[in-house]
Every structure is written in C-alpha cells, then in structure tokens.
Amino acid sequence: MASLQLPIHSYQLRSKQASSARLLNCYAEATPGDAKAPVLLNRAPGVSVWTTVGDGPIHALHAAHGYLYAVSNTKLYRIDSAKTATLLGDIGTVASIDISSNTDTVVVVNEPAAYYWDGATFGTISDADFTARDAGDVEFIDNYLLFREPDSGRFFGSDLNSATAYDALDFATAEGYADDLVGMKTDHRQVLLFGAESVEIWENIGSTGFPFERAVNGLIEIGCLAGRSIAKIDNSVMWFASDYTIRRLEGITPVRVSTHAVEQSLVDTTAEDAKAYTYSQDGHFFYVLVLPEITWVYDAVTKEWHERQTYGSDTYLPGSHARAFTLELVGNSTTNEIGQLDNEVYAEWGDVQRMEWTYQPVYSEGRTAIHDRLEVILEKGVGLTTGQGSDPQIMLDYSDDGGMTWETLPTRSIGAIGKYETRAVWTSLGSSKNRVYRMAISDPVKVTVTDTLLEVRGGRL
C-alpha cells in the first residue's frame, strides 16, 4: 500500500486527461520536515453571522477611525464594535464603489460622484473643481485624497488635509501609454496607476502645486483588465492583468503568479466584473479573486491556488472584506448580511459549506489496474453532539474517463464525537486504466486531511 499524493492546488486544464487536481473550499499547508506527509489539507474558513445592515446587498466594507463602514444597497452605514449600525446617508443607485479615508473623513466614490462623512456631516463632494471631473477610485497618501478620472489617463487630488476642497490645477496625466486608467492603488508611499495596457508608478516629490511625478523607471508595459481586481497583499500588489494572467508586483517587475489552469479558466469569464480582496489568517495571506463564474484564491505563502464556492452558486458570495475589531469581516454580495471568516465555523451564514478535493489520476500505463483498498487519513472523532454532523460522513466518487463522468460509492463515517479510532476505508474498487478519485465533506465539522493510502495492483501513483 502506498500514499496517493494529496492535491496541493486546483489545476484542471481544458484537457482533463492532463490534470484533474482540484481543491474546493480547502487549501494545502506544508508540514514540518519530520511529519509523516509533506502537506495536509485544511478546510477553508466558514462564515459566521456577525450582523445584518440595511436592505442589502453589501457592496463594500471599509474600516476607519474605530468603525466599520458598509455600503448596503444605496445607503452608507457606520457600525461600531457592538454591531450598532447608524445610517449616514444615501449614495444613490450603485455603479462602481470605492472607499478610502484620511485622518478624519471617509470618502465613498460611486462612479462618477463622491460622498463624504467627517464624523458629523454626510454630503456630496460639491466643490466646483471636483464636480468638473468624474471620480472612479479614491486612495489616500501623504494627507491627500487622490481620485482616478474615468475614461481618461488623468488622476487628481484634494487639497492637503481636506476631503471637500479641490483646485482645478491639482491633476496629472499618465502618459507613458495612450491608454485610459482603469484602476488605482497606493502602496509604500507610491501611487500605482493602472491603465488598460500599462501601469505607471508615481511618487510625491514635495514640489509646489500638485506634487506627484512619475518615478524613475516607473512604467510597466502590461495593463489591467479589471480595476476592482487590484488589491494589496503581504507588502505587494496583485491584479488581473491585460494578458489574462494574475500578476504580483515585485519591485517594478510584474511577476506572473497564475498558472495555465487559472488562466484558461479566466479567458471564459466576464473579466470586467472581477473584484478582489485580501486577508490574512493563521499565517496565510490570501488574494480572493471573485468573478460571476468562479472564485480563485491565491495563497501568497504556499504560492498555490484553490477555489472557493458557495453551495448552490457558481461563485463565492463573500464579495467584500474589511478587517475591523480584530475580525476578518466579509459582506454578502446578495443579501444584507455581514459575516466573519472563522476557521472554527464550517458553514456559510448557517448554510452548507462543501469541502471537496480531487486527486491526480492513478495511471496504469495502458494496462488494467486492480484497485483493492483506499483509506483517507484525517482527523477523526470530530462529530458534533447533536444534529447534522453528529455522525459526519465523507463522500467518495471515482471517474475512469478523466473526470468526464463519475460513479458514487457509499459514504464512510469519519467518527462521531470521541470516536478517534474510526477509519474511512473502501475496498473492492474494481479496475481501471486511468482512475481519478474525488472526496467531499459537507457536514459542519473540522476537517484536516493528512494522507491517502491506496492499494493497487498494476497502477502507478
């Protein structure tokens, strides 16, 4: 009997015969050098109910000044640590939302307008030098609020230390390429201007007037497909690039971090609707790229990709994020719910979370192999005291045609509470020339998979 290697990423190419590995709502983690297996699989965090705000859906979250700010439907709310929500004002029918803040004021851009809350007053930014332009994004740097002007290469800024005062001359244009800006992000006291075909890096040089100027060697000859896909992660920035790759900035180099499998799937999506957020948990740094068709998650620690999916949906419904009150909070993109990402919760807002992992094929080099026994090694005895999960089950499917069709085998228990000697074993699994196994758990229990053992005659693991 030998180990059937656990999948460490989602890597399903268009030709499923080439690769079948998939991680859905779970991710790989390296183990210490003296462990029995090099990796284990962890269940992705569930989402517990934190609060509800307004009518929903939740379009955006932002943490500032000791509060959480949320855009629910057309309204802006301020939420305190006791979960008390205060309605601040109406921002109108939502088009594209971005939020930032300076030392005392929160600014919400709902393209092309912008709104502010200064702790006492909510209103529309109405300075004539602001309303002469449109606003697409807002970022804060060096006591300036900077705005991207849609359908142009320009960006402009507020007066120093102000959210409501503007000067008609405080603007600049990214001119390295003749492309319009689609997004903007500030990082390490630099302004990253993302165009459809290029990225420019600008800096505050401290001159009189508008003090921003393009940095030396501050032109990157690759652009961005979706401005809302730009997100900061682990001292860097990632985005959905114009060549259908995912890039991470290292210095001034846009390093490709996506795989061929990720890129093939992205070509078939509505790329302009992509949005991303990042969060850290248990030593992992995750970039969550949400599209209507699929959600990809990149772990910057392991440099591997996995998928997230809400049960019954094509994608992942936690569509916005903010870290507030030491919690990783997410907004439901279809309801008025705000939830908490929690590694000790195994459901999404009380609904099913299905964890699924698919192995690489077991080849028999053109010969028929006999599969005698399969055992999955995972933490046992994790059942709940009552209800669903009191006798948690693991599901097993197999495919002999590269994952095109599947056969379902009887489930196995992974142990009621305290039943630590339970073993999940299947025997007499038939024969195949090219077998793929897929396992899943939907019960709301902790899942940590450490190994899989397969006894096969004539196959190659």
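The values are calculated or read from the model by the stated rules, or taken from the named source; none is laboratory data. Remember, predicted model here, so these are calculated numbers, not experimental data. Note: ideal-geometry Cβ built from the backbone for every residue, glycine included; neighbour counts use all protein chains shown.
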Keeping to segment 119-141, report how many residues are within 17 Å of Phe212 (Cβ to Cβ) and surrounded by fewer than 16 Cβ atoms within 10 Å (Cβ to Cβ). 0
Residues of segment 220-254 being more than 18 Å from Thr278 (Cα to Cα) and surrounded by fewer than 16 Cβ atoms within 10 Å (Cβ to Cβ), which ones? Glu221, Asp243, Gly251, Ile252, Thr253
Kindly indicate whether any position in segment 53-66 is in the same structural domain as Phe122 (by TED's automatic domain parsing), among the β-branched types (Val, Ile, Thr) and surrounded by 14 or more Cβ atoms within 10 Å (Cβ to Cβ). yes
Condition broken by Asp134, with the remaining ones in (1) touching a residue at least 24 places away in the same chain (Cβ under 8 Å); (2) under 30 Å from the mean Cα position of the chain (by Cα) satisfied: (1)
State yes or no: is Tyr287 surrounded by 16 or more Cβ atoms within 10 Å (Cβ to Cβ) and not aliphatic (A, V, I, L, M)? yes
Could you list, in sequence order, all residues of segment 353-383 that are of a type in the set (Val, Ile, Thr) and surrounded by fewer than 15 Cβ atoms within 10 Å (Cβ to Cβ)? Thr368
Any residue that is at pLDDT below 95, in a loop (DSSP other than H, G, I, E, B), more than 16 Å from Ile8 (Cβ to Cβ) and more than 11 Å from the chain's Cα centre (by Cα) - is there at least one of those in segment 251-267? yes
Select from segment 192-203 the residues that are within 19 Å of Asn235 (Cα to Cα) and in contact with an Asp or Glu (Cβ under 7 Å, 6 or more places away or on another chain) and list them in ascending order. Leu193, Trp202, Glu203
Give me the residue from segment 81-101 that is in a loop (DSSP other than H, G, I, E, B) and in contact with a Ser or Thr (Cβ under 8 Å, 6 or more places away or on another chain) and, out of that set, farthest from Asp55 (Cα to Cα). Lys83
Only one residue in Phe171, Phe210, Phe147, Phe140 is assigned to a loop (DSSP other than H, G, I, E, B), more than 30 Å from Val267 (Cβ to Cβ), in contact (Cβ under 8 Å) with a residue 12 or more places away in the chain and of a type in the set (Phe, Trp, Tyr). Which one? Phe210
Tell me, which residue of segment 174-200 that is part of a loop (DSSP other than H, G, I, E, B) and aliphatic (A, V, I, L, M) is nearest to the chain's Cα centre (by Cα)? Ala196
